[in-house]
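The values are calculated or read from the model by the stated rules, or taken from the named source; none is laboratory data. Here the structure is a predicted model, which means the values were calculated and not measured. Positions of Cβ are backbone-derived with ideal geometry, glycine not excepted, and every protein chain shown enters the neighbour counts.
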Amino acid sequence: DAGITQSPRHKVTETGTPVTLRCHQTENHRYMYWYRQDPGHGLRLIHYSYGVKDTDKGEVSDGYSVSRSKTEDFLLTLESATSSQTSVYFCAISESGRSNTEAFFGQGTRLTVV
Amino acid sequence: GENVEQHPSTLSVQEGDSAVIKCTYSDSASNYFPWYKQELGKRPQLIIDIRSNVGEKKDQRIAVTLNKTAKHFSLHITETQPEDSAVYFCAASNAELTGGGNKLTFGTGTQLKVEL
């Protein structure tokens, strides 16, 4: 398995509080992504990064921010958690190149906002 | 942006039978179509992928076909086994349009159940 670690694996938080999820990779891959998985929606891209300090929005970015200060770490922050952000969050990584390369996923973080 | 539709949402087959899952995409510029398998509580894992310059690809019991004209692609699993039971996701992307990387647009998933 690709070296991707997400932390925490499970979290329960209260509405209105900020939450940060961490994705750490040991593969030195250029690209990193955050997806959320919800029943009936599959996986949807929240934000992605194409290098240190280079990030861009995905399909469902409202209410989320990201940061990438090092190649190996990609942080996802819920600025003020809402119940609609209860979900399973997956980080993914892929190598660079003009041709698409395999995206490897982390183990996921189950977030519950109460 | 890209939109990927996947059918059926659930599929039940008898062990040894074949299973087919179909996806359609909207953006004719998409050129990479992976399939992921996700077991309960686990991460999605790539099982096979196909690029737009190929019409069919096979890997043991798994095959994927692509019809660019119709903008649809399908996953075929033959001689199904209980361990094939999982959720399967199709996806589409185009690295060249997005400056590299692999921004995937996923279908909504198919729960495959292989019954003994």
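Per-structure values
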| read-out | value |
| --- | --- |
| Elements of type strands (runs of 3 or more DSSP E) in the range A:1-110, at least 1 residues being at pLDDT below 95 | A:31-38, A:42-51, A:54-57, A:87-94 |
| The range B:1-43: number of residues that are in contact with a helix residue (DSSP H, G or I) (Cβ under 8 Å, 6 or more places away or on another chain) and at pLDDT below 95 | 2 |
| Hits in the range A:7-31 (condition: crowded, with 21+ Cβ neighbours inside 10 Å and within 9 Å of chain B (Cβ to nearest Cβ)) | A:31 |
| Which listed residue, of B:65, B:69, is more than 12 Å from chain A (Cβ to nearest Cβ) and either touching a Ser or Thr at 6+ places or on another chain (Cβ under 7 Å) or charged (D, E, K, R) (or both) | B:65 |
| Any hit, the range A:54-64, residues being out of contact with any Gly (no Cβ under 9 Å at 6 or more places or on another chain), polar (S, T, N, Q) and within 13 Å of chain B (Cβ to nearest Cβ) | yes |
| Test for residue B:103: is it within 14 Å of chain A (Cβ to nearest Cβ), farther than 21 Å from residue B:7 by Cβ and either small (Gly, Ala, Ser) or buried (at least 17 other Cβ atoms within 10 Å of the Cβ) (or both) | yes |
| The range B:4-62, residues that are free of Cβ contacts under 8 Å to residues at least 12 places away in the same chain, among the basic types (Lys, Arg) and away from chain A (no Cβ under 13 Å) | B:57, B:58 |
